[in-house]
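The values are calculated or read from the model by the stated rules, or taken from the named source; none is laboratory data. Fair warning: this is a prediction, and the values are worked out from it, not measured in the lab. Every residue, glycine as well, gets a Cβ built from its backbone with ideal geometry; the counts of neighbours run over all protein chains shown.
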């Protein structure tokens, strides 16, 4: 009996040592939400959704998991197979009406996801941009162009400043920075 345990331990130690020497690391299990359906797991695996438990979502939003995602189609699963879109609770937090003939420029935000994005109404030939800034004022990230219809991708707004911008030819406009 002791011999079997010793041999088992020896094999385990050799396997671990071999992995460490070759740089191999054991595969880490990626936590996925409780009782997620196969469809939800497939969406998460394909990058079209994320799972964030309800307490974390309520406390901090979806964070960088929502950076660069479409607020109208990216799903945030938060409890089993329950999900939300960040546009569900969207509101306009800043806007500009730059000049006649130009679209209304809006900075939209989701309090639940703690994200922001730009919307132009109507879209036209104007190019939208969403910018995210650190508290020191440095540009953290930005996305240019439409992700769908008349809005841009989202940026993580938790603890960051955001502003919506647009340009058409030599004319450009931006909203004021909005901090969540």
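So the values come out like this:
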| item | result |
| --- | --- |
| Single residue of 145, 137, 101 found to be on the phi > 0 side of the Ramachandran plot, surrounded by fewer than 18 Cβ atoms within 10 Å (Cβ to Cβ) and modelled with pLDDT under 90 | 101 |
| From 42, 54, residue being within 26 Å of residue 147 (Cβ to Cβ), surrounded by 11 or more Cβ atoms within 10 Å (Cβ to Cβ) and modelled with pLDDT under 95 | 42 |
| Filter result (in contact with a helix residue (DSSP H, G or I) (Cβ under 9 Å, 6 or more places away or on another chain) and assigned to a strand (DSSP E or B)) within the stretch 110-122 | 110, 115, 117 |
| Residue ID - surrounded by the fewest Cβ atoms within 10 Å (Cβ to Cβ), chosen from residues in the stretch 148-158 that are modelled with pLDDT under 95 and closer than 16 Å to residue 94 by Cβ | 151 |
| Qualifying residue in the stretch 84-106 (condition: assigned to a loop (DSSP other than H, G, I, E, B), closer than 19 Å to residue 42 by Cα and under 13 Å from the mean Cα position of the chain (by Cα)) | no |
| Number of positions in the stretch 92-109 that are within 21 Å of residue 160 (Cα to Cα) and without any contact (Cβ under 8 Å) to a residue 40 or more places away in the chain | 1 |
| Every residue from the stretch 150-180 that is outside any strand (DSSP E or B) and more than 12 Å from residue 127 (Cα to Cα) | 153, 154, 157, 158, 159, 160, 175, 176, 177, 180 |
